Amino acid sequence: MAAQIISGKALAAQIKRRAAEEAAQLKEQGINPCLAVMLVGNDPASEVYVRGKQNDCHECGIESRLVRMGESASQAEVLEQLSLLASDPSVHGVLVQLPLPAHIDEQAVIAAIPPEKDVDGFTPVNVGRLAIGQPCFLPCTPAGCIEMLKAAGAPIEGRRAVVVGRSNIVGKPAALLLLRENATVTVCHSRTKDLAKICAEADILVAAIGKAKFITGGMVKPGAAVIDVGINRGADGRLCGDVDFEAAAEKAAFITPVPGGVGLMTRAMLLCNTVQAARMAAGR
Ligand code: NDP
């Protein structure tokens with residue numbers, strides 16, 4: 001079986017176009033959607049991600065502001081900057097680029113983002129709302145995964161979904177979103193026994209592990225939908241996912257590529273959340 005490749009390119013472009021249209025409509029009403037990104041320290045990967053987010057905003061007519069702080073910034077200083085963004089009515093979305101330097105308590109910083117500006121969907125309030133099925137900002141990566149499944153026409157309701165990885169930013173919210181879509185969900189992690197067997201039972205397999213080509217062809221059920229969240233450097237130095245793409249594509253019905261898959265969707269979903277935050281702030 002040759003799998004249908006669910007490209008993030010076309011879908012993300014479509015979502016970005018919609019975000020741009022909505023941003024333009026808001027501007028006509030005097031509301032200028034604005035995303036503020038806090039970058040603390042000098043992590044090179046974070047620099048790249050932040051630049052990408054700024055470019056995306058620019059492309060869609062969304063204002064972006066960068067608050068840059070040095071590696072030695074104290075937690076109190078970071079929280080002070082955050083409170084300025086929190087109380088600034090011209091800022092609609094606030095995002096803290098992770099990881100933060102080791103001396104800063106990440107959870108305390110995230111919790112200081114006002115829920116109504118939490119466009120990453122990482123604050124305890126939004127995570128709690130997601131868990132109990134209330135409206136909230138959806139975390140961008142898992143939301144992008146669900147959009148990809150839906151766009152491809154891969155059935156979710158009643159299907160067996162297996163999420164490998166239980167991080168707060170990908171694995172756990174991906175499981176909650178699949179549950180919300182009425183899948184029957186299993187979450188696996190580094191202590192899971194019989195991982196290969198559990199994966200091979202999945203109609204929907206989400207890989208969010210952070211290990212290059214960890215999911216082999218033998219772990220994929222024939223006809224499954226495989227969503228590869230991982231971004232890794234393979235032994236050959238090239239970007240690759242957590243799934244052995246070629247082997248998995250032989251068996252799956254649907255598969256996302258890396259690069260050109262979930263990563264692009266993550267970026268697009270952030271723009272949607274920012275526009276939504278601006279709309280909500282304006283009471284629309
Ligand atoms: P984390 O390191 O926070 O979590 C990895 C998860 O994988 C953990 O729950 C861990 O289990 C599990 N795991 C590790 N080894 C094994 C194993 N041998 N068997 C089963 N489970 C295992 O990573 P993230 O969730 O932040 O990211 C995962 C991947 O997704 C990374 O490659 C990251 O770069 C990528 N990513 C991509 C994004 C995108 O937009 N495409 C966005 C965010 C992340 P345990 O909890 O037991 O340690």
Six or more apart or on different chains, Cβ atoms under 8 Å: show the pairs whose first residue is in segment 169-188 and of a type in the set (Ser, Thr, Tyr) and whose second is assigned to a strand (DSSP E or B).
THR184/ARG160; THR184/ALA161; THR186/ARG160; THR186/ALA161; THR186/VAL162; THR186/VAL163
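The rows are residues; the columns are (1) free of Cβ contacts under 8 Å to residues at least 12 places away in the same chain; (2) touching a Leu at 6+ places or on another chain (Cβ under 7 Å); (3) assigned to a helix (DSSP H, G or I).
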| site | (1), (2), (3) |
| --- | --- |
| LYS27 | no, no, yes |
| ASN32 | no, no, no |
| ASN42 | no, no, no |
| ASP56 | no, yes, yes |
| ARG65 | no, no, no |
| ARG68 | no, yes, no |
| GLN81 | no, no, yes |
| ALA102 | yes, no, no |
| VAL109 | no, yes, yes |
Restricting to segment 141-163, name every residue that is free of Cβ contacts under 8 Å to residues at least 40 places away in the same chain, charged (D, E, K, R) and not in a helix (DSSP H, G or I).
GLU157
So in segment 80-107, with the set limited to residues that are surrounded by fewer than 17 Cβ atoms within 10 Å (Cβ to Cβ) and among the aliphatic types (A, V, I, L, M), which one is farthest from the chain's Cα centre (by Cα)?
LEU84
I need the strands (runs of 3 or more DSSP E) fully contained in segment 164-243, keeping only those with at least 3 residues that are surrounded by 24 or more Cβ atoms within 10 Å (Cβ to Cβ).
204-207, 225-228
Somewhere in segment 258-271, is a residue more than 11 Å from the ligand (Cβ to nearest atom) and either open to solvent by 30 Å² or more (accessible area, probe 1.4 Å) or over 13 Å from the mean Cα position of the chain (by Cα) (or both)?
no
Taking the stated definitions as given, is VAL48 on the phi < 0 side of the Ramachandran plot and either of a type in the set (D, E, K, R) or in contact with a strand residue (DSSP E or B) (Cβ under 9 Å, 6 or more places away or on another chain) (or both)?
no
Scanning segment 55-74 for residues that are surrounded by 16 or more Cβ atoms within 10 Å (Cβ to Cβ) and at negative phi gives ASP56, CYS57, CYS60, ILE62, GLU63, SER64, ARG65, VAL67, MET69, ALA73
Take the residues of segment 113-137 that are open to solvent by 40 Å² or more (accessible area, probe 1.4 Å) and in a loop (DSSP other than H, G, I, E, B): which is nearest to the ligand (Cβ to nearest atom)?
PHE122
All but one of (1) over 14 Å from ILE6 (Cα atoms); (2) part of a strand (DSSP E or B); (3) among the hydrophobic types (A, V, I, L, M, F, W, C) hold for ALA277; which doesn't?
(2)
Across segment 153-177, what is the number of residues that are aliphatic (A, V, I, L, M) and either closer than 19 Å to GLY241 by Cα or touching a Ser or Thr at 6+ places or on another chain (Cβ under 9 Å) (or both)?
8
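The values are calculated or read from the model by the stated rules, or taken from the named source; none is laboratory data. Values in this document were obtained by computation on a predicted structure and should not be read as measured data. Reconstructed Cβ throughout: ideal geometry from the backbone, glycine too, with neighbour counts over all protein chains shown. Accessible surface is based on the protein model in full, side chains and every heavy atom, while ligands, DNA and RNA are left aside. Shrake-Rupley method; radii C 1.70, N 1.55, O 1.52, S 1.80 Å.
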